[in-house]
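What follows is calculated from the coordinates using simple rules that are stated; it is not laboratory data. Keep in mind it's a predicted model, so treat the numbers as computed, not measured. As a convention, Cβ positions derive from the backbone with ideal geometry for all residues, glycine included, and neighbour counts pool all protein chains shown.
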Amino acid sequence: MYQGQRQKRLEERRKRLEREEENKKKIDIEEAMFQAEKRKSAIEKAKLQQYYETDRIKGLHVSTCAIRCCSSRTCVDAFLLCRWSVEERPAVVVYIAQCL
């Protein structure tokens, strides 16, 4: 009688341990996939950073920023010229207009 109960408990324990092991394997697989995705993302980020640090791209960004700055400054100058009548224009605005 006791031998049968003991065998039953041992069998249940073995099954429980197998289920736990299967769950651990699933968790390990999910973690491996997550780490692989994280690693891939880090590599992509590093490649993009390396791309943006090349001299050619840096030059492109500098020239783009300079063009934006110049065009916005031209817009401000044009606004100032339109805002004041000819008599009210300060000398600085007239000088800027001549430089354009």
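Within segment 1-53, how many Lys pairs that are eight or more residues apart, or on different chains, come under 21 Å at the alpha-carbon?
7
With a Förster radius of 35 Å, plug the Cβ-Cβ distance of GLU31 and ILE57 into 1/(1 + (r/R0)^6) and report the FRET value to the nearest 0.05.
0.45
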